[in-house]
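One structure is given here, and the rest of the page talks about it.
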Amino acid sequence: MTKIEQAEVVKVGMADWKLAEAPSTIRTSGLGSCIGAVVYDEAKQIAALAHVMLPDSAMAKNKETNRAKFADTALEDALQSLQQWGCSVSRLKAKIAGGAQMFSFSSNNEVMRIGPRNAEAVKEILGQYRIRLIAEDTGGNKGRTIEFNPADKTLHIRTVNQGESII
Amino acid sequence: MDLIQQIKPIHLDVLQEVGNIGAGNAATALSQLLNQKIDLNVPSVRIIDFQEMQSLAGGEETVVAATFLRVSGEAPGSMFLILQKEEAEELAFSLTGNKVNIVDDSFDELAASALSELGNILAGAYLSALSDFTSIQMQPSVPSLAIDMAGAIISAGLTEISQVGDYAIVIDTLMGEAEDSDSSTATGQFFLLPDPDAFKRIFQSLGVDWS
């Protein structure tokens, strides 16, 4: 992986994760039930952003699927990559957003509860790595577009109805 | 085996016909509701990855009004009726006579209810035609309406599919007012996303081999 020197916006798609170093920012669009998990190193001004769809790789019915889709494997790979960039896990902090329930159904169908489950899973995994969760904006029923700036550690969250917020 | 390796042109043709029959019935229902001629595009059946999924209904952040329902039974799947912002507002106006802005906080309750009911009727028409055609029982959930970013909305229908693979097969049908009508065009887009397990049953009931 090559480091990016110029300021640009690194775009992360669904079921993917990437790294960005200041002055670049890192962004993912249209988070619904998915979670955008930012893990960053303040001192080095490097951040990883994972756009995860599902809580647990044990849910995979086909073992050759993309690891970036699941909270556990995506974070594992992203953390490894952050370490290769010289970040130490003990110094990492996290901010997360997403995990909404876009549609309200009366049934308590587990499929429909995937947003909250994603949020729970990501928090649990961060806990396992002892990464401090600094801020979160999860749940609700709104889609989110998020952009993280590794230089000032702000996470900008844009929604359709409730404007923009910064955590 | 991954879906993408199993699917052959004949399967895509059959799914296209499935989309045609479902959306055809829905267009008839819409036409009666609005008392206008409605045209249907030939459905496109595509195998797409998640990045493409997110931008199916325009951009990831495009605001749409979407009705979503889950189909359970022998051929489970997810179904969406997507209306672009202007289209939804146009339809709400036709149905209620109120001019609305769907992203406004004070979005008219009557208009919301009308759009929700519209989605209900059209999705019901689509699925009942499909069920008749394939003689597969399809039990739709109560449809739910959301107005939000297209990317966020579509991802709600991918939970099942994403557990199996990284691709989805989508039957995408666009409806619009017939060109000779004098008012502006209102269109909607249907997406049917069968769960990976559903294909075997669909093809079997239509007499097409599926390994």
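The values are calculated or read from the model by the stated rules, or taken from the named source; none is laboratory data. Every value quoted in this text rests on a predicted model; they were computed, and no experiment measured them. Note that we place each Cβ from the backbone using ideal geometry, even for glycine, and neighbour counts take in every protein chain shown. When the accessible area is computed, the model is the full protein with side chains, heavy atoms only, and any ligands, DNA or RNA have been set aside. Shrake-Rupley method; radii C 1.70, N 1.55, O 1.52, S 1.80 Å.
Structure notes:
- Estimated translational D of chain B in µm²/s (Stokes, Kirkwood radius over Cα pairs; 25 °C; 0.890 mPa s): 142 µm²/s
- Computed with every protein chain present, the accessible area of B:Ile21 is close to 50 Å² [probe 1.4 Å].
- When shorter helices are ignored and each DSSP H run of at least 4 residues is given -39500 (n - 2.57), the per-residue value for the protein assembly as shown at 222 nm works out to -10000 deg cm²/dmol.
- Taken along the Cα-to-beta-carbon direction at a fixed 7 Å, the label points for B:Lys37 and A:Lys61 span 4.4 nm.
- Measure of compaction for the stretch A:50-167 (Cα Rg per 2.2 N^0.38 Å): 1.12
- Taking a straight Cα-Cα cut-off under 28 Å and skipping sequence neighbours fewer than 8 places away in the same chain, the lysines within cross-link reach of A:Lys69 are A:Lys3, A:Lys11, A:Lys18, A:Lys44, A:Lys61, A:Lys93, A:Lys95, A:Lys123, A:Lys142, A:Lys153, B:Lys8, B:Lys200.
- Most mobile listed residue (A:Met59, A:Met14, A:Met102) in chain A, GNM with C-alpha springs under 10 Å: A:Met59
- Exposed-site-free run, longest, chain B (rule: trypsin sites (Lys or Arg not before Pro); DSSP loop; at most 16 other C-beta within 10 Å): B:100-211
- Compared with the rule-of-thumb size 2.2 N^0.38 Å for a compact globular protein, the protein assembly as shown has a Cα radius of gyration ratio of 1.02.
- Only Lys, Arg (+1) and Asp, Glu (-1) charged, at Cβ; chain B dipole about Cα centre in debye: 620 debye
- Here each label is just a point 7 Å from Cα along the line to Cβ, and for A:Gln162 and B:Ser44 those points are 3.5 nm apart.
- For the stretch A:18-57, the share of alpha carbon pairs falling in successive 5 Å distance bins from zero is 6, 24, 27, 20, 14, 8, 2 percent.
- Sorting B:Val142, A:Val52, B:Val45 on solvent-accessible area from highest to lowest, probe radius 1.4 Å, gives B:Val142, B:Val45, A:Val52.
- In a reduced charge model with +1 at each Lys and Arg Cβ and -1 at each Asp and Glu Cβ, the protein assembly as shown shows a dipole moment near 1360 debye about its Cα centre.
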